[in-house]
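Have a look at the structure below before the remarks.
The values are calculated or read from the model by the stated rules, or taken from the named source; none is laboratory data. For clarity, every value in this text was computed on a predicted model and none was experimentally measured. Here Cβ is always computed from backbone atoms with ideal geometry, including for glycine, and neighbour counts include all displayed protein chains. These accessible areas exclude ligands, DNA and RNA; they are computed on the full protein's heavy atoms, side chains included. Shrake-Rupley method; radii C 1.70, N 1.55, O 1.52, S 1.80 Å.
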Amino acid sequence: MHIVLQLIPKKYLIGGTLILLGLSGLLIMSTIVAITGEFEKDSQQSEVTEIEGGGIGVGTANVSPEVMKYQPLLEKYAQKHGLDASYVPIMMALMMQESGGRGNDPMQSSESFCGSVGCISSPELSVDKGVLHFKSVLEKAHYDLKLCLQSYNFGGGFINYVMKNGGKYTPELAISFSQSQYQKVKHTGNYHCVRPEMVPYQACYGDAKYVDAVLKYYTGTITADGKPAAPASGGSGRKSGVKVIDAGKPLIGKTRYVFGGGRSQSDINAGRFDCSSFVRWAFEQVGMNVGPMSGVTTDTLKTQGQAINPKDMKPGDVVFFDTYKIDGHVGIYVGNNQFLGCQGKTGVAIASMAKGTYFGERFNRRVKRF
């Protein structure tokens, strides 16, 4: 090989080497582009999409960040199993009660899936089977949502018990069922009251207060057909939409943008806000709690309220933009392709989101009605 190389003129060796280096560079760049394209594709697929026939996020799930990260999966499997997406916040509240979003089985769906605790070790499988089980129980409960929730804890036997005793969930039936079941199993020594207040009743089978435990993480109303429904807000066309805009306008020209600002009363008094803290503050002025002062972010706000098709948005709806990240900026729509928000250079101001403008090009079509 050494002899062959000596016979080849030096200029051809150099030229060949440069060509090889160029081809290697092109191969590396092609690989990077392909990988980047896949990352972008994955990112786009992970965004929340509107599901026809149901509003994602109807009602509000007041849950931890660990649970919030499962919202896309809950929406994905609600769509897969044909469950109206308006139940997603309720299932987020259920997950908060079951696990707080921790562990490999965040929906605690092992028993419903395979009949024993601990058989699920994949969070996504837990969500898949948990959503499927929730839908099954909901249908068996004839869309009595409270009966569905309590049966998720007690098991399907509670539905039969209720059907034989009036056909509708009541707290009293939950306690009496727990009492009767506990009498059957207390000899095993494996059951104890999870709530001290149930000890006098000897209602120590499951959690007779499970419905209240779940619903404390949910803000909204439940309609007669068992579907969650959010209280109507500004975007509904009612006066509250104008009110939240009117509440925010007095801060125009009187604030400055501070990333992470607006999360203490001293910040608010000094007029220091960022986009999400301003939106939270504006809604608080009209009596709406859309998250804690210290913990509000664009990511927590996007889990609130009801998803609205952009063509149907009205003043008072909350609009999101992809800036430094997906949903990196948020504001309150005021009409005529404008929104009220706290921006970096202006503080609280009305900005354009018309096509061709900075925010118009970054509007990601996520619209929420609080």
Restricting to segment 149-164, name every residue that is closer than 16 Å to GLU111 by Cβ and either in a loop (DSSP other than H, G, I, E, B) or open to solvent by 60 Å² or more (accessible area, probe 1.4 Å) (or both). GLY155, GLY156
Taking segment 165-191 and keeping residues open to solvent by 60 Å² or more (accessible area, probe 1.4 Å), over 33 Å from the mean Cα position of the chain (by Cα) and under 18 Å from LEU149 (Cβ atoms) leaves ASN165, GLY166
Only one of GLY115, GLY101 is small (Gly, Ala, Ser) and open to solvent by less than 50 Å² (accessible area, probe 1.4 Å). Can you tell me which? GLY101
Segment 210-248: number of residues that are under 21 Å from the mean Cα position of the chain (by Cα), of a type in the set (Ser, Thr, Tyr), at pLDDT 65 or above and surrounded by 17 or more Cβ atoms within 10 Å (Cβ to Cβ): 3
Return a yes/no flag: does segment 313-327 have any residue that is open to solvent by less than 20 Å² (accessible area, probe 1.4 Å), in contact with a Gly (Cβ under 8 Å, 6 or more places away or on another chain), over 19 Å from MET68 (Cβ atoms) and assigned to a loop (DSSP other than H, G, I, E, B). yes
Out of LYS129, LYS146, LYS140, which single residue is within 23 Å of ILE222 (Cβ to Cβ), free of Cβ contacts under 8 Å to residues at least 40 places away in the same chain and out of contact with any Leu (no Cβ under 6 Å at 6 or more places or on another chain)? LYS140
So GLN338, is it open to solvent by 10 Å² or more (accessible area, probe 1.4 Å) and closer than 25 Å to ARG365 by Cβ: yes
